[in-house]
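> Pasting a structure here, questions to come.
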Amino acid sequence: MNQPDADACLHATVRGRVQGVGFRAFVQQWGVQLRLAGWVRNRWDGTVELMAEGSRENLEKLLNLLKIGPRSSSVQHVDTEWLAPSGEFIGFSVRRTD
């Protein structure tokens, strides 16, 4: 489902203890709950990367959640980049490690 109300796109890289702790499932769950479209994946360097489109308000909520993470994670830093939405994403998926 494309997000007709998508007025922003968040590209983020989360650093810390964020792999092997359910971080991708956490992001996907919140992405769906906040009615965002995009993806999340592990990176070979130990970070988690995501791209999400939707309302700026809901993306800000997701960003705040990223800074906390799931219970067993330990987030050190979240690098963010705000972009114009492309409308190319359908749903919110977990992608393969890149």
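> On a full-extension model of 0.36 nm per residue, what is the gain between R15 and R71, subtracting their alpha-carbon distance, rounded to one decimal in nm?
Numbers: separation 56, 0.36 × 56 = 20.16 nm, distance 1.52 nm.
Using 0.36 nm per residue and subtracting the Cα-Cα distance, I get 18.6 nm.
> Using modelled backbone amide H atoms (1.01 Å from N, in-plane), which distant-in-sequence or interchain residues come within less than 5 Å of A8's amide H?
For A8, whose amide H was placed from the backbone, the distant partners under 5 Å are G54, R56.
> So what's the angle, to the nearest 10 degrees on a 0 to 90 scale, between helix 56-68 and the longest Cα principal axis of the chain?
0 degrees
> Then there is this: Can you give the convex hull volume per residue for the Cα atoms of segment 58-98, as a whole number of Å³?
Convex hull volume per residue, Cα atoms: 135 Å³.
> G31: net charge of surrounding residues, Cβ under 11 Å, Lys/Arg +1, Asp/Glu -1, itself excluded?
On the way: positive: R24, R35, K61; negative: E53.
Charge balance in the 11 Å sphere: +2.
> While we're looking at this one, here's another question. Quick one: grab the alpha carbon gyration tensor of the chain, order the square roots of its eigenvalues as a ≥ b ≥ c, and give me rounded if a/c is under 1.5, else prolate or oblate depending on whether a/b is larger than b/c. It would help to have the intermediate numbers written out before the result.
Working: a/c = 1.75, a/b = 1.62, b/c = 1.08.
Prolate is the answer for the chain, as a/c is 1.5 or above and a/b outweighs b/c.
> Sort the following peptides by mean Cβ neighbour count (other Cβ atoms within 10 Å, averaged over residues), highest first: 11-23, 50-62.
On the way: 11-23: 17.9, 50-62: 20.2.
Top of the packing list down: 50-62, 11-23.
> Grab the other residues whose beta carbon is less than 14 angstrom from that of R41, score K and R as +1, D and E as -1, and report the net. Don't skip to the answer; put the middle values down first.
Numbers: positive: R24, R43, R95, R96; negative: D45, E49, D98.
Net charge in that neighbourhood comes out at +1.
> Give me the dipole magnitude in Debye, nearest 20, for segment 8-86 about the Cα centre, with unit charges on the beta carbon: positive for Lys and Arg, negative for Asp and Glu. Walk me through the numbers on the way to the answer.
Numbers: 10 positive and 7 negative charges, 62 e Å.
The calculated dipole for segment 8-86 is roughly 300 debye.
> Under a Cβ-Cβ cut-off of 12 Å, what is the net charge of the residues other than K67 that fall near it, where Lys and Arg count +1 and Asp and Glu count -1?
On the way: positive: R15, K61; negative: E60, D79.
Once all neighbours under 12 Å are counted, the net charge is 0.
> Let me ask something else about it. Once you have the Cα-Cα distance between D7 and S93, take 0.36 nm times their residue separation minus that, and quote the gain in nm to one decimal. Intermediate results must be reported in sequence, preceding the final value.
Working: separation 86, 0.36 × 86 = 30.96 nm, distance 1.96 nm.
That works out to 29.0 nm of additional length.
Rule-based calculations on the coordinates, nothing more; no lab input. The model shown is predicted, which means the values in this text are computed figures rather than measured ones. FYI the Cβ positions are ideal-geometry reconstructions off the backbone, even for glycines, and counts take in every protein chain you see.
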